[in-house]
1. Please find, within the range 101-131, the residue that is surrounded by the fewest Cβ atoms within 10 Å (Cβ to Cβ) out of those that are within 16 Å of ligand 1 (Cβ to nearest atom) and of a type in the set (S, T, N, Q).
2. Spot the failing condition for Lys110; the list is (1) without any contact (Cβ under 8 Å) to a residue 40 or more places away in the chain; (2) more than 19 Å from the chain's Cα centre (by Cα); (3) assigned to a helix (DSSP H, G or I); (4) within 16 Å of ligand 2 (Cβ to nearest atom), and only one is missed.
3. Failed condition for Thr68, given (1) part of a helix (DSSP H, G or I); (2) within 25 Å of Val276 (Cβ to Cβ), with all others met?
4. Looking only at the range 87-97, decide whether some residue is closer than 23 Å to Leu194 by Cα and away from ligand 1 (no atom under 16 Å from the Cβ).
5. Pick from Ser65, Ser50: which is in contact (Cβ under 8 Å) with a residue 24 or more places away in the chain and surrounded by fewer than 18 Cβ atoms within 10 Å (Cβ to Cβ)?
6. So Tyr158 passes all but one of these: (1) more than 16 Å from ligand 1 (Cβ to nearest atom); (2) in contact with a Leu (Cβ under 6 Å, 6 or more places away or on another chain). Which condition number does it fail?
7. Of all residues in the range 252-271, which are among the hydroxyl-bearing types (Ser, Thr, Tyr), touching a Leu at 6+ places or on another chain (Cβ under 8 Å) and surrounded by fewer than 24 Cβ atoms within 10 Å (Cβ to Cβ)?
Amino acid sequence: MSPKQKPPLIWVNVLLFLTSFALAVLVAPWYGFEFGYSMEHWIWLAITYSFCNLSITAGYHRLWSHKTYEAHWSLRLLFAIGGAFALQNSALHWSSDHRVHHKHVDNNDKDPYSAKQGFWYSHIGWMLRNYNQNTYTDYENCRDLQKDKIVMWQHKHYLALTLATNIGIPLALGIIYQDIVGMLLMVGIVRLVLSHHSTFFINSLAHIWGSQPYTDKNTARDNAVLAVFTFGEGYHNYHHIFENDYRNGIYWWQYDPTKWLIKSCSWLGLAHKLRVTPKFKVEKAKAKKALTTATNNIRMLPNAKYLNDALNAEFEALMSKLSDYYELKKQLVEAKKSDLAKKYERSVLLMRYQQLKQELDNQRRSWNTLVAQYA
Ligand SMILES: [Zn+2]
Ligand SMILES: [Zn+2]
């Protein structure tokens, strides 16, 4: 095949995306104007849309692709059903693709949905043609998932599960609420199109639009607006550097319902071993990124050499204070676990800790003031 020749179209996908999109933007609104949708239609649209998206984000993505936590079989079963309902291929296939995406991010020859190929390609184009025909024969990058009986059961019965959910659920709701066409349109089609494109935005927009607080070594961006549509996956810059963290939005004020779902499941005993990145590593990455940005921005200034030295000295001072602080914090936690006889030692540690915390706060302030000038 010559480089200019495009691989053949995958007609099933082309027709599926085209038909569902046309039905959602043309037929569903027409039906609504003509016959009206009741509150039940909207409520079930919201429920099934959330079920599909959360099965992808909490299940396919954070559980299976990245192993950021462990889940009870009942939760895995729900995610497997919701993932088939979302019509995004089996969890095994999806995770295999996604692991390659992380490993070779932005590499046009290897990343299955490389953002460097443009918005259209990374959003949907990569699924319309047989670009990756030779890639997945044995899913060797997902050996661990092949031991998960639910993953393999879903992979084997994927087609039957997609038909049962995508036709069965809207049909059942249509019978219950006595509007089969309305439910097929809202819960069947509109839900599917919304769910598809909001997930696809993570591969396209989340690699194009937003900030890069942690790394600029890849195209991934943090974007609070996108986080709302993607159930928290908009914090994609953080995710690409710390992919083993069960959170994408790490601050309490960052909108990440997938993180809240996983945390709630852990309180119910349905999720275990939630992995988080040590704070030290996160702060270090952020400071390093700020240093790179500032270094680039001062290059042309007449006193670049002097500024560069000052920046590096300040960075080193911050790093050393940070590592002292987190080391002492660790000691303090360990000391708390040990017996009461060491009470005196603990109070000395605590005093030192408080002093160091104050010093670190000052160091952080001076660092932030410095890099803010050259951001
Ligand atoms: Zn990921
Ligand atoms: Zn990505």
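Computed from the coordinates by the stated procedures, all read-outs in this text should not be read as laboratory data. Because the structure is a prediction, the values reported are computed rather than measured. Here the Cβ is made from the backbone with ideal geometry for all residues, glycine too, and neighbour counts use every protein chain on show.
1. Asn107
2. Every listed condition holds for Lys110 apart from (3).
3. With respect to (1) part of a helix (DSSP H, G or I); (2) within 25 Å of Val276 (Cβ to Cβ), Thr68 is out only on (1).
4. Checking the range 87-97: at least one residue is closer than 23 Å to Leu194 by Cα and away from ligand 1 (no atom under 16 Å from the Cβ).
5. Ser50
6. (2)
7. Hit for the range 252-271 is Ser266, nothing else.
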